[in-house]
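A.B. asks: Got a structure here, written out as C-alpha cells. Questions coming.
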C-alpha cells in the first residue's frame, strides 16, 4: 500500500485519492502555496532522501564530499538495515546518494533489502563502478549517472581520463536498465557547449547514438564546496538558467527524451533528509536520530512540521 502525506486547507483527502486514481500514469503531488495537490506531472510526495556515505572514489572540484575517507562513525550494515525498516513506514520513495553509494560495503544487499520493503529506488552515482549497478539493476527504478560535457571539462573538473570510462558504463547500463538519466553539471565555462544552439544539442546526439537513456538532467545550482573561488567564477547567471530551462523543453520535443534542470523557481519535494549517521532533518529542522525513533514517531514529527510550515491540515493518504 502506498502511503502519501497530503497537506491541504482546501482539498479533502477523498478528492486527492479520486484524482490520483483517475490518472493513467503514476500521479504525484506537489506543493503550491499552502497546499499539496495532485498532479500527474508535478513533484513527488514525501520522499526519503538518504545521503548514505561521505566516502567517494572521485574528487570533483564542485562537490563538497568527494574523495573523503569513510568516517568510522558512519552507520554499520545492520544499522542501515534498521533505518530502512523504519523509514519504510513513512514513505515508499527512496533516493540514495553519497559520496558514492556503490562504494559502500554490501551495497547490493542494501538495495535488495530496500526493494523487499517495497521502496521505489532511485540512485545518484558517478557511474565508475558499473558492475555493482549491473548486479542490482533489476531492483532499481531509476539511475542518475554523472557525466559532464565536453570531455575536457569533465576530465579537468572530475578525475582525468574518466570521461570515456563513464560514457562506456552509461552505454552498458542503459542497454540493461530501462530508466537511466544522465546528470551533467553546467557552469559558466561549459554553458555554451550545451545551450548555444536552440535546434541542436550535440551532447544528447552523441549519447543517443550509443545509449538508451531516458533523459538528461542539468545541475545549475551547485553546493558550496571545497573551493569557494571556483563557484564565484563558475556560477551560471539566473537569466541564463531560465534560458536553458526553456531550451530543455525544445530539446525534449526534438529528441524524445526528458531534458530538465532546476531553476529555483518551483518548490522542492517535501523530503526527509537522512545523513550517513542516521540523523534526520525535515525542512531544515532536526527530527532526531532514526536509530532512536520508530516509524510512527518519525511520521508524527513530519506531519507536525508540515502543518506548522504550511498552516494547513496534514493527513495520510493510503492507496
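A.B. asks: Identify the residue in the stretch 161-199 that is without any contact (Cβ under 8 Å) to a residue 24 or more places away in the chain and assigned to a loop (DSSP other than H, G, I, E, B) and, among all such residues, is farthest from residue 262 (Cα to Cα).
C.D. replies: Ranking the qualifying residues of the stretch 161-199, first place goes to 161.
A.B. asks: I would also like to ask the following. Quick check on the stretch 78-87: of everything there that is at pLDDT below 95 and more than 18 Å from the chain's Cα centre (by Cα), which residue is nearest to residue 106 (Cα to Cα)? Steps first, please.
C.D. replies: First, the residues of the stretch 78-87 that are at pLDDT below 95: 85-87.
Right, trim to more than 18 Å from the chain's Cα centre (by Cα) and you get 85-86.
Numbers: 85: 17, 86: 19 Å.
Ranking the candidates gives 85 first.
A.B. asks: Quick one: how many residues across the stretch 245-277 are assigned to a helix (DSSP H, G or I) and either exposed (fewer than 15 other Cβ atoms within 10 Å of the Cβ) or modelled with pLDDT of 95 or more (or both)? Let's see the steps before the verdict.
C.D. replies: At the first step, the residues of the stretch 245-277 found to be assigned to a helix (DSSP H, G or I) are 245-255.
Remaining after also requiring either exposed (fewer than 15 other Cβ atoms within 10 Å of the Cβ) or modelled with pLDDT of 95 or more (or both): 246-255.
Residues in the stretch 245-277 being assigned to a helix (DSSP H, G or I) and either exposed (fewer than 15 other Cβ atoms within 10 Å of the Cβ) or modelled with pLDDT of 95 or more (or both): 10 in total.
A.B. asks: Looking only at the stretch 92-120, how many residues end up being within 15 Å of the chain's Cα centre (by Cα) and either more than 22 Å from residue 144 (Cα to Cα) or outside any helix (DSSP H, G or I) (or both)?
C.D. replies: Result for the stretch 92-120: 11.
A.B. asks: Confirm whether residue 280 is within 29 Å of residue 78 (Cβ to Cβ), surrounded by 14 or more Cβ atoms within 10 Å (Cβ to Cβ) and at pLDDT 80 or above.
C.D. replies: On the way: within 29 Å of residue 78 (Cβ to Cβ): yes; surrounded by 14 or more Cβ atoms within 10 Å (Cβ to Cβ): yes; at pLDDT 80 or above: yes.
When the stated conditions are applied, residue 280 passes them.
The values are calculated or read from the model by the stated rules, or taken from the named source; none is laboratory data. All values derive from a computational prediction rather than experimental measurement. Glycine also receives a Cβ, built like all others from the backbone with ideal geometry; neighbour counts cover every protein chain displayed.
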